[in-house]
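Input: a single structure, listed below in structure tokens.
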Amino acid sequence: MEHILSILIFFPAMAATIGFIIEKDAMRTYGIVVTGIEFVLSLLMWYGFDGQNAGMQFTEFFPLIDSYGISYSVGIDGISLFLVLMTTFMTMISLIGLSEKRDLKHLIITVLFLEMTMVGVFLSLDAIVFYVFWELSLVPMLYIIGAWGGKLRIYSTIKFFLYTFTGSLVMLVGMLYLAYVYFQTTGTWSFSLLDWNMLQLPFDMQLWLFVAFFAGFAIKVPMFPFHTWLPYAHGQAPTIGSVILAAVLLKMGTYGFIRFSLPLFPDASVYFMNYMAVLALIAIVYTAMVAYAQEDIKQVIAYSSVSHMGVIILGTFALNVEGIGGSIFLMISHGIVSGALFMLVGVIYDRRHTKMIKDFGGLALVMPKYATIFGIMLMASVGLPLTIGFVGEFLSLL
């Protein structure tokens, strides 16, 4: 278990590199086996995880640029544990359900590289390493939408890139300034999140830094009014792109708030609490209303995802145990449920090549098992008691 986190991060990338020499016909099986092994490794990590220990576990440290305090530092706690499990599980499931026929080899290689970046984000304890994985996750997703997407795929890709990259640049400025503040305070450079947590920042500085980090995280979530890139990205992405985007990539934003914003800028988090709640409530109500107006079933799920992410933000900025616990649980449940719904839409799209609701009726008669699973997943998305969607939503709203 000594290097389990590094194995989890870099195993998919190594497998993707080897994938270039794998025969096309065997590529699908290869991808499923690789992601299956990755999921088993994450289960092993969970088995060795000490639930009584609130600190970081399985930590690894390796200096990269010593003079500036940049190091390869990874670790896991109860917050990131289940996000990593969900990432490995949903990547495996998305490849098992993969229906794309065109250029399958490169698609699977891209997904494996994407898995490396997503796991890396959730395990990084160094701000620069976190940022590198954060930005690298853009590249495979842009390629997936741009190469395998629908008619408006180029427009969607450019919009997705401009929104997320702009926010990330503002966040990078905040990170560099925070490292400079640490240098001014202690006389040494450090980008370690654990070191930064020890800083006592003045209130005014916290406000500005909170806004800088907010730019990166809010666009990724996406929060209202930065959400307009998401329906295009979902609408044009192939099924596997939508599954991973909804299940994991959006959670990187909410994870960022919990990992960075709350512990580093506690006073600013309290100050902005009501503003964040208002934005979350607008997202919940407004994007739900927009979802009602959609005629494309994929767009309905895309807008409802923004609405659900609003509930996660609401729980996070309740700033209490129930709210934050509920928001983390809702991240997991929304990842599984929204991923499942996008896969279910992919099933009927592959058969009819349409996503318009008016083109489907009476599916329960001809596809009873499909309709049953769809019904269960819809109820979980609604948050029906006894489904996975209820617990997180109830705690967040409580």
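General observations
- Residues that are open to solvent by 30 Å² or more (accessible area, probe 1.4 Å) and farther than 18 Å from MET252 by Cβ within segment 99-135 comprise SER99, GLU100, LYS101, ARG102, ASP103, LEU104, LYS105, HIS106, listed in sequence order.
- Matching residues in segment 168-203 - criterion: being under 21 Å from LEU123 (Cα atoms), touching a residue at least 12 places away in the same chain (Cβ under 8 Å) and in a helix (DSSP H, G or I): SER168, MET171, LEU172, GLY174, MET175, LEU178, ALA179, LEU193, LEU194, ASP195, TRP196
For (1) under 16 Å from the mean Cα position of the chain (by Cα); (2) crowded, with 24+ Cβ neighbours inside 10 Å, each residue gets a yes or a no:
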site: MET205; (1), (2): no, no
site: TRP208; (1), (2): no, no
site: VAL211; (1), (2): no, no
site: GLY216; (1), (2): yes, yes
site: PRO222; (1), (2): yes, yes
site: TRP229; (1), (2): yes, no
site: TYR232; (1), (2): no, no
site: GLN236; (1), (2): no, yes
site: VAL243; (1), (2): yes, yes
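- Residue within segment 362-376 that is touching a helix residue (DSSP H, G or I) at 6+ places or on another chain (Cβ under 7 Å), open to solvent by 50 Å² or more (accessible area, probe 1.4 Å) and of a type in the set (D, E, K, R) present: no
- Tally of residues being open to solvent by 20 Å² or more (accessible area, probe 1.4 Å), in contact with a helix residue (DSSP H, G or I) (Cβ under 6 Å, 6 or more places away or on another chain) and farther than 9 Å from LEU264 by Cα across segment 182-202: 1
- Meets criteria (over 27 Å from SER156 (Cα atoms), open to solvent by 10 Å² or more (accessible area, probe 1.4 Å) and either of a type in the set (Ser, Thr, Tyr) or over 15 Å from the mean Cα position of the chain (by Cα) (or both)) for MET273: yes
- Taking (1) of a type in the set (Val, Ile, Thr); (2) open to solvent by 20 Å² or more (accessible area, probe 1.4 Å); (3) farther than 29 Å from ALA277 by Cβ in turn, VAL170 satisfies each apart from (3).
- Boolean, VAL248 is part of a helix (DSSP H, G or I) and over 13 Å from PHE317 (Cβ atoms): yes
- Complete set of residues in segment 354-382 that are closer than 24 Å to VAL311 by Cβ and of a type in the set (Gly, Ala, Ser): GLY375, ALA380, SER381
- Selection within segment 35-76: residues that are touching a residue at least 24 places away in the same chain (Cβ under 8 Å) and charged (D, E, K, R). The member of this set that is farthest from VAL119 (Cα to Cα) is GLU60.
- Subset of segment 8-23 [open to solvent by 50 Å² or more (accessible area, probe 1.4 Å) and in contact with an Asp or Glu (Cβ under 9 Å, 6 or more places away or on another chain)]: PHE11
The values are calculated or read from the model by the stated rules, or taken from the named source; none is laboratory data. Just so it is clear, the model here is predicted, and its values are computed rather than measured. FYI the Cβ positions are ideal-geometry reconstructions off the backbone, even for glycines, and counts take in every protein chain you see. Areas reflect the complete protein model, heavy atoms only, side chains present, ligands, DNA and RNA absent. Shrake-Rupley method; radii C 1.70, N 1.55, O 1.52, S 1.80 Å.
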